[in-house]
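Enquirer: Attaching a single structure in structure tokens format; questions to follow.
The values are calculated or read from the model by the stated rules, or taken from the named source; none is laboratory data. Worth saying up front: this structure is predicted, and the values here are computed from it rather than measured. So basically every Cβ, Gly included, is an ideal-geometry build from the backbone, and we count neighbours across all protein chains shown.
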Amino acid sequence: DYEDAYPGMIDETMICAAAPEKDSCQGDSGGPLVQGNTLVGIASWGRGCAFAGYPGVYGKVTKFLDWIAEQ
């Protein structure tokens, strides 16, 4: 659970994602988090690479749609 891993650090502009032995890693910032064919997040930060109990943290794309449209 991300609240145990990152207490008070995750806000509404972020989304956490984890899978066994899979994660974004250093150098992956800006990379995609996809669900099916939909971009849902942009890799941002986390603790190490695939540390059990520490999901990757991504920028939540839906929270930035207005900004994206303006660019």
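Enquirer: Collect the residues in the range 2-39 that are exposed (fewer than 10 other Cβ atoms within 10 Å of the Cβ) and at pLDDT below 95, keeping them in residue-number order.
Expert: Within the range 2-39, ASP4, ALA19, PRO20, GLU21, GLN26, GLY27 qualify.
Enquirer: Checking GLY56 against (1) closer than 19 Å to MET9 by Cα; (2) in contact with a helix residue (DSSP H, G or I) (Cβ under 9 Å, 6 or more places away or on another chain), only one condition comes out false. Which one?
Expert: (2)
Enquirer: Additional query: Taking ALA50 as the residue in question, decide whether it is in contact with a strand residue (DSSP E or B) (Cβ under 9 Å, 6 or more places away or on another chain), surrounded by 17 or more Cβ atoms within 10 Å (Cβ to Cβ) and at positive phi. Explain how you work it out, then say what you get.
Expert: Working: in contact with a strand residue (DSSP E or B) (Cβ under 9 Å, 6 or more places away or on another chain): yes; surrounded by 17 or more Cβ atoms within 10 Å (Cβ to Cβ): yes; at positive phi: yes.
Here the answer is yes, as ALA50 does meet what is asked.
Enquirer: Something else now. Go through TYR54, TYR58 for me and flag whichever is part of a strand (DSSP E or B) and not acidic (Asp, Glu).
Expert: On the way: TYR54 fails: part of a strand (DSSP E or B).
That would be TYR58, the only listed residue that is part of a strand (DSSP E or B) and not acidic (Asp, Glu).
Enquirer: Counting just the residues of the range 13-44 that are assigned to a loop (DSSP other than H, G, I, E, B) and of a type in the set (A, V, I, L, M, F, W, C), which one comes out nearest to the chain's Cα centre (by Cα)?
Expert: Restricting attention to the range 13-44, the residues satisfying the condition of being assigned to a loop (DSSP other than H, G, I, E, B) are 13, 18, 20-21, 23-31, 36-37.
Right, trim to of a type in the set (A, V, I, L, M, F, W, C) and you get 18, 25.
Numbers: ALA18: 9, CYS25: 11 Å.
Ranking the candidates gives ALA18 first.
Condition check ((1) closer than 24 Å to TRP67 by Cβ; (2) touching a Pro at 6+ places or on another chain (Cβ under 7 Å)) across all residues:
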{"position": "GLU3", "(1), (2)": "no, no"}
{"position": "ALA17", "(1), (2)": "yes, yes"}
{"position": "PRO20", "(1), (2)": "no, no"}
{"position": "ASP23", "(1), (2)": "no, no"}
{"position": "GLY27", "(1), (2)": "no, no"}
{"position": "GLN35", "(1), (2)": "yes, no"}
{"position": "LEU39", "(1), (2)": "yes, yes"}
{"position": "ALA43", "(1), (2)": "yes, no"}
